Amino acid sequence: MSQPLTADIASLVDLVKSNPSMEASFRALVVLLGTAPDSSVIVAALGRLDPGACPSPELREQAAALLDKADSPQLAALWRPAVATNTNVVPLHGEAPKPQGPSIGFDDIGGLEDVKRQVRRKIINPFRDKRALFEKFKRKAGGGVLMYGPTGCGKTMLARALATECNASFQDVRAADILDQYVGNAEKRIAGLFEETRRSRPAVLFFDEVEALAQRRQYDSSRGVNTVVSALLTEMDGFAGDNEGMLFLGATNVPWSLDAAFRRPGRFDRTIFVPPPDRVAREFILKGALEGRPVAKDLDVEALVGKTGGFSGADLGALIETAVDYAIEESRSDDEIEPISNAHFREAFREVRSTVGEWLGQARNFAEYANGDGTYDELAEFLKKYAK
């Protein structure tokens, strides 16, 4: 008889299955499977997932190694990447790779003007521009903000730009850096993380794909997962130290999967919807990505903007890179370059589709039937416009 999946593993499997681009969730699943009490748990969990949907060769190799240990060579072969990949250059998140080098600010991000306005009012003003005024009103700088929306729409980039705008240090937190197979280690890491961040205030503590750490506890029977959630909540409440000058910023594609306790005052009590780029933002992104590349004189960027309604920023990036690949394929040499043309984009559109539609379909149910407290008002407003 096969070993049944524990609730914590089953919930992570469901998260990965419904959102295969969420690498943090998969990393957390791999950590938990490393502590599985029976080989059948590993086989059952990974057997429910599509190896081809996993975006990281590194993670596929780790899954294959677990299946080798579980004496399941045929399933391991399905998971193992065909070609070894340099894991030093694999993006750590399902969205577009994080920008390296110089820091970025709001001016570097296309669109999201309404989001930026909310961020300035809710975050930047108390942190920087009106700090003295906030002190007079005894309004503390800090707290928590949860950004949610489809994958690839700029939540991670917005978080980095926010830290720059606030002149604050930036600490990126991933589930894989916290979770551990040994009881108590995750809690120690959380305490150490907050202690380190308090020493570098003002600071932004960014939890990308926060649902991997903050899942609803009623789905879990494992004491390990419950104590991680409790430890995180305790630190956010400041019981172990003063959290003045610390901003907790969370990003998620599935806000409805978070434990309700994380939405209380002082935690992620403010919510911001990060939508796909609108027409103006898509033009900004497309022109910025094409700048400096060999482009045909008659390339119709306006037509591209019109055809990419519902595309995320990451989708637009994939579209351009695919068109570039076709241009490179037609170029004979460095001296005989075929510039990127409308024809190349026509080919690219056959391969690249919007990844946002499926998310919006799922989100619509929560905006319509689980919005009693107004959490999803911004999403509901966007869906009305999107449906037109």
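Computed from the C-beta positions of residue 365 and residue 121 and an R0 of 35 Å, the FRET efficiency is 0.75 to the nearest 0.05. Its relative contact order, with pairs defined as Cα atoms under 8 Å and 6+ residues apart, puts the stretch 279-351 at 36 percent.
Just to be sure I follow: if Rg is taken over the C-alpha atoms of the stretch 279-351 and Rh is the Kirkwood radius over the same atoms, what is Rg/Rh? Present the calculation step by step, with values, prior to reporting the outcome.
Details: Rg = 11.8 Å, Rh = 12.4 Å.
Rg/Rh for the stretch 279-351 comes to 0.95.
Which entries of 17/287; 155/307; 116/188; 122/307; 116/307 show an alpha-carbon separation above 31 angstrom in the structure shown?
Numbers: 17/287 34 Å; 155/307 23 Å; 116/188 35 Å; 122/307 34 Å; 116/307 26 Å.
Table pairs above 31 Å Cα-Cα are 17/287; 116/188; 122/307.
When 285, 337 are sorted by how many other C-beta atoms sit within 10 angstrom of their C-beta, beginning with the fewest, the order is 337, 285.
Note on 249, 66, 299: ascending count of other Cβ atoms within 10 Å places them as 299, 66, 249, the fewest first.
Most exposed first by the Cβ proxy, i.e. fewest other Cβ within 10 Å, how do 248, 345 rank? All intermediate terms of the calculation are to be shown ahead of the outcome.
Working: 248 27, 345 23.
The fewest-first ordering by Cβ neighbours comes to 345, 248.
Around residue 54, what is the net charge, scoring Lys/Arg as +1 and Asp/Glu as -1 over all other residues with Cβ under 12 Å from its Cβ? It works out to a net charge of 0.
Roughly what % of DSSP beta bridges within the stretch 155-314 run antiparallel, to the nearest 5? List each step's numbers first, then the result.
Numbers: 1 of 12 bridges.
So the antiparallel bridges amount to about 10 percent of the total.
Amide H contacts of residue 147: 250, 251, 252, 272, each under 5 Å away and 5 or more positions distant or on a separate chain (H built 1.01 Å from N in the peptide plane; Pro and chain starts excluded).
Every number here is computed from the coordinates shown, using simple stated rules; none is lab data. Everything numeric in this text was worked out from a predicted model, so none of it was measured. Glycine gets a Cβ as well: all are built from the backbone with ideal geometry, and neighbour counts include every protein chain shown.
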